[in-house]
Each structure stands twice: as C-alpha cells, then as structure tokens.
Amino acid sequence: MTNGAQDPMKCPFGFSKKNAAVLAVENNSVYEKKEESFIYHDDLGELNKQMRMIGLTDSDLALLKELRSRMEEKLDEITEAFYQSVVDVDKLRDIIVEHSTIDRLKQTLKHHLLEIFNGEINEAYVAKRLRIAEVHKRVGLEPKWYLSAFQNLQNEFIKLIYEEVGTEASGIKVITTITKLLSLEQQLVLEAYEKENINEKQRQYEQVKAELKQNITVFVSDLSELTLDINEAVEKLLSSSDEVTGTFHSTSKTAQASIAYAKAGEMKIEELTSQINKIDGSTAEMQSAIQELNESSRQIAHIAVSVEEIAAQIKLLSLNATIEAARAGEHGRGFAVVAQEVSRLSEDTKSTVSRITGIAQQSRAITAEVVHAIKHVQQLAKEGSEQSEETSQLFMDILSSVQTSAEQMVAAEKEMKRLSITIGSIGEATSEAASSAEVFRTRTDQL
C-alpha cells in the first residue's frame, strides 16, 4: 500500500490521509494526552481489574462505536474467511454438522462480532459471552480449537485493517482496540470454560462421592449383616466347641477310668493265673495221692485174694473136721460144733473178702475216673494258663491303647480350648471391624 492519495470510498473505515474520518479518529481521546478513563461497573466485579490490566478504556469503546457502521460492511468477508478455516478441520466440521449449520453459525457470528462495536460492556454483554462458552463446552469444543479459531478471527481483523490503513498510528490504534476486545472475549470464554470444568469436576466429585457413600453404606450394611451372621456362627461354634470340649473331658475321664479298670483286670488275670497254677499244682499232688491209693487198693485186692484162699482152705479143713467128728461119734460132737463154727467163720471171711474185693475194684474204677478227671483238669488248667497269658497280653495292649487315647484326648481338649479362644477372638475382631465400618460410614456421611 502506498502513501499516495486514496479514494475514501475504498476503505471500509473511510481511512485516508487526513480525511474527516481519520481526523475523527486522531481527535479521539486516544490521542489526547490527558489521563485515560478506564471502564468500571459495580456489577462486573473482578472483570474491572481485567479490563484495567489490558488497558481497555472508555475511549476505546467510543472508537469501536464510531467504527460500527463501517465494520458491519466487512463482517461477511471476515466470517466467510473464519469458517473456511474452521471447516478445514474434520473434528470441528463434525461438531458443526451435528449441532447446527454453517449458514446459521455465520449469521450468529456476525451478530456477535457486531456487538463488539456497540461500545458497551455491561452485565448483559458478559452474560451472553458466558452463555456462548457454555454452548461451546456442551457441544464438545475444546479450548485449543476455540483459541485456534479465535486467533484466525483476530488475524482476519488485523489483515483487513493493515490492508486498508497500513501501519499508521490510526491503524495501530484500531488494531490495538479490537485486540483488547477480542482478548476480553477470550478471557470471558476461557474463564467460563474453567468454571464449567470446575463445576463438572465438582459434579463428578459429588457423583463419585455420592456413589462412594452409597457403596460404603451398602458395604457397611452388608458388613453389618455379615458380622451378625459371623457372630451367630461364632456363638454356635463356641457352643459346639464347649460341647466338644466337654465331650473330650468326659471321654478323657472315661479313658482314665478304663485305664484303672484295665489295670484292675490285669491284676485279676494275674491272680487267676496264679490260682490256675495252684490248681495245676494241687492236681499234680492229687494225682500222686491217687496213684498211692490205687497201689493200696491193688495191695488190698492181693491180700483179699490171699485171705480168700486161706478161707477156702479153712473151709476145706472144717469140712474134714466135721467128717472126722462124725466118725468119732459122741466123742467128736464138741469138735463137730467147733468145725461148724470154723466153717461158718470161713464163709463169713469169704463173704467179707468178696465185699472187700468188690470195694477195691470199685475204688480202682473210681480212682481211674478221678485220674482221668485230674488229667482233664490239668489240661484245662494248662489251657486256662495259656489263655490267661493271652488275656493278660490283651489287657496290656488295651491298657496301652487306652493310655494313648487318653493322652490324645487330653491334647485334643487343650486344642479345643485354644480353638475356642481363637473363635472368640474372631468374633471380637469382627465386631470391631463392624464398629470401625460404622464409624467410617458416619464420617463419610459428613463429607
């Protein structure tokens, strides 16, 4: 662009060297050397400090207001170039297609940009920018794409002003003023983004907190129910363990009594063995006596035979004497009487000897039976002794087994007592866990 004369109608702002519009701009308060008047509204709060920091003054707003009609003529060109750069990005084009149309957004942007040149910054102006930021956030426009698009918008403004005005003081003033408003626009939108992000994070936090509280409540409730079930199970286990311990104790006592009985039985077996041995000894003595008795009976029988033979001879002699007495007649009568008595005595002796022989034979028969019975008793005594030894060994085995069982019972009883203590500890720990969970839930409700 040259410094020669220009046609005022060619510049949308009417800028040309020293024409009326330029003089108006140069005569604006921007060029006055007096102190600047910064924008301030009570209802804008901290935004007043932001505008003061970027140097936004009342004279800037006045300049923008003076440029409104001329700027309106170039907004179609600016919005067209702006959206051309936007739709080149697939992600941004998809957002537009999903939520609106290019033409509608162009019209919205034109009205939005035109408001910048109204020369007013108030609560309604700020509120509208914040609503736009909310829309951007809702449709998923990320801050990086917003800043990139806004930079393109600013580039279009700067390009336009540079082409029409150049780098003269008036052009620099216009560019500076517009960039201040665009910067304020970005501050408002980014602040709204930030607040919405904070609100979203807060909502997420509240949601997570509510879910956490709900989960904790459910957990505590489940834990309480589980604790009740565990406590009930622990009580049953304790009761069962007490019963088992009592059973072990009773069984242990029974085992001790069985040991005593087994020892007593072993002693009885030993006594029985001793008695059987005595019986065996006595039967041996009886067998010896019976043998002597049998020998005496045999001798008696032998003597009886001899006496019987003598009696027969006496009878024969008495018969001969009777015959001789008969021959003697009257003189042999007395001798005949004697002979008769001798004969009768011989018969009596024979009869007695016969009885003695019968008794001796009977005695021998009985002796034989007694000997047989004694032998049978001896055999039984021998078998009894062997059985006593086996029974004694069996009692010893039983005693050893019972003693081992008793020791195991005592050990099991001790283990059951330890188990009862452990079960009780589990119950106490479960109750403490439930109490801690309840305290945790209460503190969670206070969040």
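Relative contact order (percent) for the chain, with alpha-carbon contacts under 8 angstrom and 6 or more residues of separation?
RCO, the chain: 18 percent.
Within the set Lys74/Lys173; Lys74/Lys144; Lys106/Lys173, which residue pairs have Cα atoms separated by over 23 Å?
Result: Lys74/Lys144; Lys106/Lys173 exceed 23 Å.
Do any of Lys91/Lys201; Lys65/Lys128; Lys128/Lys159 go past 21 Å between their Cα atoms, and which?
Too far apart for the 21 Å limit: Lys91/Lys201; Lys128/Lys159.
Using r as the Cβ-Cβ distance of Asn197 and Val244, and R0 as 45 Å, what FRET efficiency do you calculate, to the nearest 0.05?
0.10
Any idea what the dipole of the chain comes to, in debye rounded to 20, about its Cα centre with Lys/Arg Cβ at +1 and Asp/Glu Cβ at -1?
140 debye
By how many degrees, 0 to 90 and rounded to 10, does the Cα axis of helix 143-165 deviate from the longest principal axis of the chain?
The two axes meet at around 10 degrees.
Considering only DSSP states other than H, G, I, E and B, which trypsin sites (Lys or Arg not before Pro) in segment 229-270 qualify as loop sites with at most 13 other Cβ atoms within 10 Å?
Those that pass, being in a loop and sparsely packed, number zero.
Any idea what the relative contact order of segment 224-445 is, in percent, if you count C-alpha pairs under 8 Å spaced at least 6 apart?
Across segment 224-445, relative contact order equals 45 percent.
Expressed as a fraction of 2.2 N^0.38 Å, the rule-of-thumb size for a compact globular protein of N residues, what is the C-alpha radius of gyration of segment 224-445?
Normalised Cα radius of gyration, segment 224-445: 2.69.
Mind giving me the nanometre distance, one decimal, between the label points for Ile421 and Glu386, set 7 Å out from Cα along Cα→Cβ?
If labels sit at Ile421 and Glu386, their model points lie 5.6 nm apart.
Given the options His376, Ser346, His302, identify the residue whose Cα lies farthest towards the positive end of the charge dipole of segment 224-445 (+1 on Cβ of Lys, Arg; -1 on Cβ of Asp, Glu).
Positive-end residue among those listed: Ser346.
Can you give the helix-only mean residue ellipticity at 222 nm for the chain, where every DSSP H stretch with n ≥ 4 adds -39500 (n - 2.57) and the sum goes over all residues, rounded to the nearest 500 deg cm²/dmol?
Rounded to the nearest 500, it is -31500 deg cm²/dmol.
Taking the Cα centre of the chain as the origin and placing charges on Cβ (Lys, Arg +1; Asp, Glu -1), which of Gln151, Ser85, Ile198 is farthest toward the positive end of the dipole?
It is Ser85.
For Lys375, which lysines qualify as cross-link partners when the Cα separation must be under 19 Å and same-chain residues fewer than eight apart are set aside?
Within the straight-line limit of under 19 Å, Lys375 reaches these lysines: Lys278.
What label, among (1) 20.2; (2) 21.7; (3) 49.4, belongs to mean projected area of the Cα convex hull in nm² computed from the structure on display?
The value computed from this structure is option (3).
Note down the relative contact order for segment 276-389 as a percent, whole number, built from C-alpha pairs under 8 angstrom at least six residues apart.
Once normalised by length, the contact order is 46 percent.
Values in this text are rule-based calculations from the coordinates and carry no lab data. Please read all numbers here as calculations on a predicted model, not as lab measurements. Cβ atoms come from the backbone with ideal geometry, glycine included; neighbour counts cover every protein chain shown.
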